[in-house]
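Visitor: If you scroll down you'll find the structure; I have some questions about it.
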Amino acid sequence: MKRSEVNQIVRNAVDFFRRHQFLLPPFAYYELSDWRNRLAASREIIDLGLGWDVTTFGTGDFAREGLLLFTLRNGRFQSREYPKVYAEKIMMVGENQITPQHFHWHKQEDIINRGGGNLLIELWKAGADDKLTDEPLTLSIDGELRTFRSGETLRLRPGESVSFTPYSTHRFRGEPKCGPVLVGEVSMVNDDHADNCFIEKKDRFDSMEEDEAPLYLLCSDYDKFLKADGK
């Protein structure tokens, strides 16, 4: 991706979150000089990958297949330094913007429609061999159990949520003509490097063409921009 494209996506997300009165923590707006002055105090943010995250899953086409996320809190499994056992994210999902088929081996998560349009989620159950099955999938939808056929679509309207257990495979997008969706995620500890299984091979983090300076650093930028300053 080009940095200029990422910067505009982040600007759009800032405006989108504000319109929905979802307020981000102060570090969302740190400039590079702020990070350099607060390296020691910000160690948890950097080490756990909190903050902005923009991905096209390696496609280079954000509008078609991509996701804007902001990780608000996270922990690290069996860590004394970062003992939280939970994580939280907020996301912006565009109309027909696909997050591809994937599941998690360990993480259990709730996906919540916090406002905007409707979220369409296609559902499958994966087996122990990490491949999709034809078995039905039973999920808790706001505390009520529902069973879905393989490939069936769940529509989450604003205020609704679904709980995913490990191997619950999902692909989601914003419903056309309903506007972008403010999507929340509350989960167990999140590990994007070791606990994402995409049914089709995908790159979770994109390479970056630096055609302009970053508006705000992405979580995938911390090593590149902060390592020389003592990380």
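Visitor: Evaluate the Debye formula for segment 1-123 with equal point scatterers sitting on the alpha carbons, no solvent, and hand back log10 of I(q)/I(0) at q = 0.09, 0.16, 0.17 Å⁻¹, in q order, two decimals.
Guide: -0.29, -0.96, -1.08
Visitor: Another question, then. For the chain, what is the mean residue ellipticity at 222 nm derived from helices alone (per DSSP H run of n ≥ 4: -39500 (n - 2.57); sum divided by total residues; nearest 500 deg cm²/dmol)?
Guide: It comes out at -4000 deg cm²/dmol, rounded to the nearest 500.
Visitor: Once amide H atoms are built 1.01 Å from N in the peptide plane, which residues 5 or more positions from Gln97, or in another chain, come under 5 Å H to H?
Guide: Residues meeting the amide H criterion: Gly174.
Visitor: Filter Lys107/Lys177; Lys177/Lys224; Lys202/Lys227 down to the pairs with a C-alpha to C-alpha distance above 29 Å, please.
Guide: Lys107/Lys177; Lys177/Lys224
Visitor: Once both axes come from the Cα atoms, what is the angle between helix 3-19 and the longest principal axis of the chain, in degrees from 0 to 90, rounded to 10?
Guide: That works out to roughly 70 degrees.
Visitor: Compare the Cα positions of Asn190, Phe103, Asn113 along the charge dipole of segment 103-231 (+1 at Cβ of Lys, Arg; -1 at Cβ of Asp, Glu; about the Cα centre) and return the one farthest towards the positive end.
Guide: Checked the options; the winner is Asn113.
Visitor: Please work out the Kirkwood hydrodynamic radius for segment 126-216, using every pair of different C-alpha atoms, and report it in angstroms with one decimal place.
Guide: The Cα-based Kirkwood calculation yields 16.2 Å.
Visitor: Build a GNM of the chain with springs between Cα atoms under 10 Å: which of Met188, Met91, Met208 gets the top mean-square fluctuation?
Guide: Checking each option, the largest mean-square fluctuation is seen for Met208.
Visitor: Still on this structure, I have one more. Please report Rg over Rh for segment 68-172, where both radii come from the alpha carbon positions and Rh follows the Kirkwood definition.
Guide: Result for segment 68-172 is an Rg/Rh of 0.98.
Visitor: Using a simple spin-label model with points 7 Å from Cα along the Cα→Cβ vector, what separation in nm is obtained for Arg64 and Phe198?
Guide: 1.4
Visitor: Now for a different question. Quick one, what does Rg over Rh come out to for segment 3-229 if you take C-alpha atoms and the Kirkwood Rh?
Guide: Here Rg/Rh amounts to 0.96.
Visitor: Would you list Phe57, Phe225, Phe16 from fewest to most Cβ contacts within 10 Å?
Guide: Phe225, Phe16, Phe57
Visitor: Defining a contact as two alpha carbons under 8 Å apart and six or more residues distant in sequence, what relative contact order in percent does the chain show?
Guide: 29
Taken together, the values in this text are just the output of simple stated rules run on the coordinates, not laboratory data. Remember, it's a predicted structure, so these values are computed and weren't measured experimentally. As a convention, Cβ positions derive from the backbone with ideal geometry for all residues, glycine included, and neighbour counts pool all protein chains shown.
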